[in-house]
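Bear in mind that the values in this text are calculations on the coordinates, not laboratory data. Note that this is a predicted model, so its numbers are computed, not measured. For neighbour counting, all protein chains shown are included, and Cβ atoms are generated from backbone atoms with ideal geometry for every residue, glycine included.
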Amino acid sequence: MTDTITATHTPPAGDLFSKFDDLIQTRETLLASGVEDPFNLVMEKVLSPTRAVCNGRETILLGTYNYMGMTFDPDVLEAGREALTEFGSGTTGSRVLNGTYQGHRECEDALKEFYGMDHAMVFSTGYQANLGIIATIAGKGDYVVLDIDSHASIYDGCAMGNAEIVPFRHNDIEAMEKRLRRIPEGAGKLVILEGVYSMLGDVAPLKEMVAIAKQYGAMVLVDEAHSMGFIGENGRGVCEEQGVIDDVDFIIGTFSKSVGTVGGFCVSNHPKFDIMRLVCRPYVFTASLPPSVVATAATSIRKLMHGANKRAHLWENSRTLHKGLTDLGFELGTKEPQSAIVAVIMPDLERGAMMWEALLKEGLYVNLARPPATPAGMTLLRCSLCAEHSAEEVQTVLSMFERAGKAVGII
Amino acid sequence: MTEADVDQRIRALIEPFNKKGVEIKNETSFANDLEFDSLTVMDFVAEIEDEFDIIISMNQQAEIENYGQLISAVHKLQDS
């Protein structure tokens, strides 16, 4: 720990890092208790979508968002290799200059087909997709009404766009309606919702919320990052499952979860949508995705259209894990399994970190999530299931949780 | 509604949030004196919004650090 700052270190006056002192202190206290650093784990080898070697141990991966297990799909890998050979390692350019290759177009075509929408725009990350679309369409004088538990990329998009930001209590339909009603007449309105909220794995009441938003003349953007591929009849997400996809103006998504690579996108039926390519700064002023990435994404998206069996198995896994953990006496983020995320609520950060480490030593990786990323100051051990986890693996996971939970004294 | 009326109504609203019974003056700060965390801020703001049927956007909240600023902001908002 030679590179950490000690509490006795006196910073020079005007040190802009002083604002992080509290956080540095919290982190040091945690590490001083002897636990492995939960935010500094290195995967030395990745064996499959569900297995890796971490700190020399073979580990079951249960915190990767690799929901559909596409990262080692042979067709996906082959498409990536071919594109790498044919088109090179990178585009070295913006989408609007030299950075749009055939592969980017094919990827956008695959998205249009997947969602049955007229327009698709691929960004370099999901973060940039939210940042870019929100900041560009909601400007000064407009109102953004959003769920208080929205992802950081949504808040950052709001901050960049200078619109008036009006949050409402998580998933509270009435609180949302009240705020829409109070917005001055004539002002532009954008309602931002997520299909699945990633911290607790709970689903939004989109059916009611989208209907109310439309009633007040608002445009609606739904982030479906954590539902693509396995929620809704065609895997289009919660807005498909709840029958409101035709009333949603923009769907934001990512390639870094079910699709199994990196990148973000927005799909829309707005007739003027294409102008975004010229005015959206996080799209224009950055290099486009490498050819191998868009080739793997396009192949994966097309395979996800026919992933019914994998989807069914993923849901089985989610239900088994949720029931097993409940029966063991753990407190979970949702009463019923609503998505492929099962969040285990920890009593505090210290015991959360101890539990995280005990699981890692058992050979299980989960996400440790803590404030400010989590709602209500909670510490969570977040499990995200994969369609490639076998039924036996889920049982193994449950026995690991049982031993670790008893050792740490949580159950 | 006068600023005094606004003050009176917000004083009643703040009571359940003022866990330590801090004396409320114009210069009482929400972050330091009252030690409101972000969740408390959200709940408190929602109460005020409902009471006066107004919106206090996050942008406006960022400008409000103490009690006096809140009263004058709400007074302006409910008038407009």
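When the Cα centres of region A:232-267 and region B:1-71 are compared, how far apart do they sit, in Å? If you average the Cα positions of each part, the centres end up 39 Å apart. If you model region A:31-172 as an ellipsoid using its alpha carbon gyration tensor, with each semi-axis the square root of five times an eigenvalue, the axes come out at 32, 28, 15 Å, biggest first. Computed over the Cα atoms of chain B, the ratio of the radius of gyration to the Kirkwood radius (Rg/Rh) comes to 0.91.
Can you list which of the DSSP-assigned H helices in chain B have a Cα extent of 20 Å or more along the long axis and an average Kyte-Doolittle score of at least -0.5? Please list the in-between numbers first.
Details: long enough: B:38-52 (21 Å, 0.47).
Those that clear 20 Å and a mean of -0.5 are B:38-52.
Counting other Cβ atoms within 10 Å, keep those with at most 15, restrict to DSSP loop, and tell me which chymotrypsin sites (Phe, Trp or Tyr not before Pro) in region A:232-292 are left.
Details: sites: A:F250, A:F255, A:F265, A:F273, A:Y283, A:F285; in loops: A:F255, A:F285.
Answer in residue order: A:F285.
Stokes-Einstein diffusion coefficient for chain A at 25 °C in a medium of 0.890 mPa s, Rh from the Kirkwood formula over Cα pairs: what value in µm²/s? For these conditions, the coefficient is 109 µm²/s. Averaged over the residues of B:33-40, the number of partner chain Cβ atoms lying within 10 Å of the residue Cβ comes to 2.
When the charge dipole of region A:72-304 is built from unit charges on Cβ atoms (+1 for Lys and Arg, -1 for Asp and Glu) and taken about the Cα centre, the candidate among A:V76, A:G237, A:G126 whose Cα reaches farthest toward its positive end is A:G126. GNM remark for chain A: springs join alpha carbons under 10 Å apart, and the peak mean-square fluctuation among A:L380, A:L278, A:L84 falls on A:L278.
Over chain B, dividing the summed -39,500 (n - 2.57) contributions of all DSSP H runs of at least 4 residues by the number of residues returns a 222 nm mean residue ellipticity of -17500 deg cm²/dmol.
Would you mind working out the magnitude of the charge dipole of the protein assembly as shown relative to its Cα centre, with +1 at each Lys and Arg C-beta and -1 at each Asp and Glu C-beta, to the nearest 20 Debye? Kindly include the intermediate steps, with their values, before the conclusion.
Numbers: 42 positive and 70 negative charges, 211 e Å.
For this selection, approximately 1020 debye.
Mean-square fluctuations from a GNM of chain A, with a 10 angstrom spring cutoff on Cα atoms, peak among A:A358, A:A187, A:A369 at A:A187. A Gaussian network model of chain B, with springs between Cα atoms under 10 Å, assigns the largest mean-square fluctuation among B:L39, B:L13, B:L70 to B:L39. A DSSP coil position with no more than 15 other Cβ atoms inside 10 Å describes the following GluC sites (Glu not before Pro) in region A:229-260: A:E233.
Other chains near B:51-58: what is the mean number of their Cβ atoms within 10 Å of each residue's Cβ?
Numbers: counts 0, 1, 3, 1, 11, 2, 10, 10.
Mean shielding by partner chains, rounded to a whole number: 5.
With all projection directions averaged, the alpha carbon convex hull of region A:72-304 covers 11.7 nm².
Kindly flag which residue pairs out of A:K19/B:K25; A:K214/A:K272; A:K257/A:K310; A:K310/A:K406 have an alpha-carbon separation exceeding 23 Å in this structure.
Numbers: A:K19/B:K25 28 Å; A:K214/A:K272 19 Å; A:K257/A:K310 15 Å; A:K310/A:K406 33 Å.
With Cα atoms farther than 23 Å apart: A:K19/B:K25; A:K310/A:K406.
Can you tell me the FRET efficiency between A:Q25 and A:E86 if r is taken as the Cβ-Cβ distance and R0 is 51 Å, rounded to the nearest 0.05? Efficiency, from the Cβ-Cβ distance: 0.50.
What FRET efficiency do you get for A:R351 and A:R281 if R0 is 45 Å and r is their Cβ-Cβ distance, rounded to the nearest 0.05? Present the calculation step by step, with values, prior to reporting the outcome.
Values: r = 43 Å, r/R0 = 0.96.
So the FRET efficiency works out to roughly 0.55.
A full extension of the chain between A:D172 and A:A391 corresponds to an added length of 75.3 nm, given 0.36 nm per residue minus the alpha carbon distance.
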